[in-house]
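Report on the following structure.
Every number here is computed from the coordinates shown, using simple stated rules; none is lab data. Nothing here was measured: the structure is a model prediction, and the numbers come from that model. All Cβ positions, even for glycine, are placed from backbone atoms using ideal geometry, and neighbour counts span all protein chains on display.
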Amino acid sequence: MSMLIRGAVACIALSFTIVTQAAEPKFRAIAFYNTNVEKAHQKFAKDAVEFYGTLATKDNFVFESTTDWSKLNTENLKNYDVVLWLNDSAHGEDQKIAFQRYMENGGGWLGFHVSGYNDKNTKWPWFVQFMGDAVFNNNNWPIGPDKVKVIVDTTDHPATMRMPKSYDSPPNEFYQWVPSPRLNESVKVLMTLDPSNYPLGKKATLTGGDTPIAWTNTRYRMLYTVLGHGDDNGVLASPTANLFFEDALLWVGESGK
């Protein structure tokens, strides 16, 4: 083989190696959701699957979605760096145990709205602790007005680094928690409902108090946001808010590498 041919072969091999390395995904994510839930939650899941599916190509990660919650098991979770719960949570003891083990062994979780719901009847103490001891207490209902002001508590976190200090969120059903997760020393609150919105709601009304809407329990690789139940335009209708949705997943996914 001539030196010229050998050189060409070497260049091709080097180029192939570079392309292969560039194509290696940053992380693997799986989103769980339910189609047998209220319509607003169904819509968010549908929009989120499309949103993150598009971002997977742009940001170079693997994104899969499923309505089969039996896949929330220890063996299957080994294949993923991040689990997303879009509009539901673990079903039954086996799934709860599998998820707890996954998180306690370094797994990542991004949860939305009802996926973090718990109340005085919740029979999963670990999950309440996981949420920063926050227990659902109240909400605004019906949702509205058209825009709701949100305070970005910090921009020194990767999930909010591109966010302004405040922004107008699309309509959403906001949960209020007692105790506030902010009181937990392991919790870092990222965004809060601006008090200027009070009173918010008609039948169910938020009249005051502390309403964090996005936080991370620093004992785990997790991030939760109450966003996930909007009007017909959807929760993912704001380019500004979508920066947070994008960066939240990227942070959870990449921080595990």
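Which shape class applies to the range 208-247: rounded if a/c is under 1.5, otherwise prolate when a/b exceeds b/c and oblate if not, where a ≥ b ≥ c are the square roots of the Cα gyration tensor eigenvalues? Write out the running numbers ahead of the final one.
Details: a/c = 2.44, a/b = 1.40, b/c = 1.74.
Since a/c reaches 1.5 but b/c is at least a/b, the shape of the range 208-247 is classed as oblate.
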### Query
Helix 239-254 sits at what angle to the longest principal axis of the chain, using alpha carbons and giving 0 to 90 degrees rounded to 10?
60 degrees
### Task
Between the alpha-carbon centers of the range 124-157 and the range 69-115, tell me the distance in whole angstrom.
20 Å
#### Entry: When the range 133-245 is reduced to its Cα atoms, the Kirkwood hydrodynamic radius in Å
14.2 Å
### Message
Students often forget the sequence filter, so: which aspartates and glutamates lie under 20 Å Cα-Cα from Lys58 once same-chain residues fewer than 8 apart are removed?
### Response
Glu24, Asp47, Glu50, Asp81, Glu246, Asp247, Glu254
### Summary
Expected unfolding gain across Asp210-Ser196 under the 0.36 nm per residue rule, minus the alpha-carbon gap, is 3.9 nm
### Summary
Length gained if Thr155 through Glu93 is fully extended, taking 0.36 nm per residue and subtracting the Cα-Cα distance, is 18.6 nm
## Note on the structure
The summed charge of the Gly132 Cβ neighbourhood (under 12 Å; Lys/Arg +1, Asp/Glu -1) stands at +1
### Task
Pop a pseudo-label 7 angstrom from the Cα along the beta-carbon direction at both Asp68 and Arg162 and give the gap in nm to one decimal.
3.3 nm
### Task
Of the listed pairs Lys147/Lys202; Lys149/Lys188; Lys96/Lys202; Lys123/Lys149; Lys96/Lys120; Lys26/Lys71, which have alpha-carbon separations greater than 24 Å here?
Lys96/Lys202; Lys123/Lys149
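What does the net charge come to around Leu250 if you take all other residues with beta carbon closer than 9 Å to its beta carbon, with K and R at +1 and D and E at -1? Kindly include the intermediate steps, with their values, before the conclusion.
On the way: positive: Lys26; negative: Asp59, Glu246, Asp247, Glu254.
After counting each charged neighbour, the total is -3.
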### Query
Which ordering of Leu206, Leu243 is given by a fewest-first count of other beta-carbon atoms within 10 Å?
Leu243, Leu206
### Proximal charge balance of Phe32 [Cβ under 9 Å; K/R count +1, D/E count -1]
-1
### Message
Tell me the angle of helix 92-104 to the major Cα principal axis of the chain, expressed in degrees between 0 and 90 and rounded to the nearest ten.
### Response
60 degrees
### Task
List the aspartates and glutamates whose Cα lies under 14 Å from the Cα of Lys203, skipping any in the same chain that are fewer than 8 positions away.
Glu173
### Task
Please report, to two decimal places, log10 I(q)/I(0) for the chain at q = 0.12, 0.14, 0.17 Å⁻¹ as given by the Debye formula with identical point scatterers on the Cα atoms and no solvent.
-0.69, -0.92, -1.38
### Query
Taking the Cα atoms only, what angle lies between the long axis of helix 39-59 and the longest principal axis of the chain, rounded to 10 degrees?
30 degrees
### Low-density loop positions, trypsin sites (Lys or Arg not before Pro), the range 133-220 - DSSP coil, at most 15 other Cβ in 10 Å
Lys147, Arg162, Lys165, Lys202, Lys203, Arg219
### Task
Using a cut-off of under 18 Å, list every residue of the range 131-147 whose amide N is near the label point 7 Å from the Cα of Glu185 along the Cα-to-beta-carbon line.
131-134
